[in-house]
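Before any comments, here is the structure.
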Amino acid sequence: MDEARKAYLLKLARGKDFRRALKAIAELRSCNDRAIPLASGGDEQREFQAAVARLVLGRGVEGLVAGWSSVGSAPWRAELISEIGQFHDLWPEAGVVDLALAALQDASKEVRIKAVWMTLALLRARRAMTPAQRSRMTRAMVAMLEDPRPVLAQLVEALGQTATRADETAIARLQSLRSGSGEPYRVSHERVQRKDYAWYDKLVMQKKGIDPDEIVRIKHEPTGLLDRKLLDASLARIKRRAT
């Protein structure tokens, strides 16, 4: 990495755009210079970015895992996990799985919720995980089923990819959700009244020769139920998995 690029990335890492700062820190790992100076920024966000950068540039993602419990406040740790989960392709190290595990066991529910999304993203991308890591994920997510709002569906899907048929507690907890499962949406159809159309809708219909009285609106109203198909698919997947 040339010095101009390094200087630009350091500027981003110190800046107020959190997403660009995290992407810059991810790229700075490739410069093989663990002594990069990154001064604290003077406010909570920039102090957090500096702390993350020091850990990551010093020891990689493993450094962030090791210092997880002491890095920043819970809201900022949640933001960090959310960003890494959305852009995990920028963090190809195996240690990113351990980072998800650390976040799943965080004292803050806000962080744990974001960690479920990150874990699911890693699972969907088929990131390599050891049986021990999958087992730890399973235990952490089963514990979250005690109060799963607002990630119940995500927990069910993720457990379907981490638990095995030997995980009797996980299977029992998932089966207990059946009474609250069903169709997640109620679908209905209604004709739209002419008076409800905006002027630009009317203009488009006129140009395309569409009869306003023939348009039907499809409505999807949440039922509050867990998707039973998702639950059944996850249980079936678990019961097929030996390890």
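Just so you know, all these numbers are worked out from the coordinates, no wet-lab data involved. Keep in mind it's a predicted model, so treat the numbers as computed, not measured. In this analysis, Cβ positions are derived from the backbone assuming ideal geometry, glycine residues included, and neighbour counts consider all displayed protein chains.
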Relative to the chain, whose Cα atoms define the longest principal axis, helix 199-208 and its Cα axis are tilted in degrees, nearest 10, by 70
Cα gyration tensor of the stretch 43-96 diagonalised, 5x eigenvalues square-rooted, in angstrom largest first, produces semi-axes 17, 13, 10
GNM of the chain, Cα pairs under 10 angstrom: of Glu157, Glu214, Glu62, the biggest fluctuation goes to Glu214
If one compares the long axis through the Cα atoms of helix 95-104 with the longest principal axis of the Cα atoms of the chain, the angle in degrees, nearest 10, works out at 60
So, with points 7 Å from each Cα along the Cβ direction, the Arg59-Val187 label distance in nm works out to 5.2
Distance in Å, no decimals, from the C-alpha centre of the stretch 70-112 to the one of the stretch 122-139 is 15
Under 5 Å from the placed amide H of Gly60, counting only residues 5+ away or on other chains, we find none
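Could you work out how much longer the chain between Glu93 and Arg165 gets when fully extended? Use 0.36 nm per residue separation minus the Cα distance between them, nm to one decimal. Before the final figure, lay out the partial values.
Values: separation 72, 0.36 × 72 = 25.92 nm, distance 2.90 nm.
Full extension from Glu93 to Arg165 adds 23.0 nm.
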Along the dipole axis of the chain (charges at Cβ: +1 for Lys and Arg, -1 for Asp and Glu; origin at the Cα centre), the most positive-end residue among Leu101, Thr164, Leu226 is Thr164
Measuring from its Cα centre, the chain shows a charge dipole (+1 at each Lys and Arg Cβ, -1 at each Asp and Glu Cβ) which, in debye to the nearest 20, is 440
Expressed in nanometres to one decimal, the distance between label points 7 Å along Cα→Cβ at Lys11 and Ser30 is 2.0
The simple spin-label model distance between Arg126 and Ser179, using points 7 Å out along Cα→Cβ, in nm, is 3.9
Looking only at lysines whose Cα falls under 27 Å of Lys207's and that sit 8 or more positions away or on another chain, we get Lys195, Lys219
Honestly the stretch 144-226 on the Cα gyration tensor test (a ≥ b ≥ c root eigenvalues; a/c under 1.5 rounded, otherwise a/b vs b/c for prolate or oblate) is just prolate
Checking Ala50, Ala103, Ala158 against a Gaussian network model of the chain (alpha-carbon springs below 10 Å), the top fluctuating residue turns out to be Ala50
Checking Met141, Met205, Met118 against a Gaussian network model of the chain (alpha-carbon springs below 10 Å), the top fluctuating residue turns out to be Met205
Rounded to the nearest 10, the angle in degrees between the Cα long axis of helix 18-28 and the longest principal axis of the Cα atoms of the chain comes to 50
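Under the rule of -39500 (n - 2.57) per DSSP H run of 4 or more residues, summed and divided by the residues of the chain, what mean residue ellipticity at 222 nm is obtained, to the nearest 500 deg cm²/dmol? Mind dumping the intermediate values first?
Numbers: 12 runs with 139 residues, N = 243.
Helices in the chain give a 222 nm mean residue ellipticity of -17500 deg cm²/dmol.
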The Kirkwood hydrodynamic radius of the chain, taken as the inverse of the mean 1/r over all distinct Cα pairs, in Å, comes to 20.9
If the chain between Gln86 and Ala153 were fully extended at 0.36 nm per residue, the gain over the current Cα-Cα distance would be 22.3 nm
Sorted by chain and number, the residues with a modelled amide H under 5 Å from that of Leu177, at a separation of 5 or more or across chains, are none
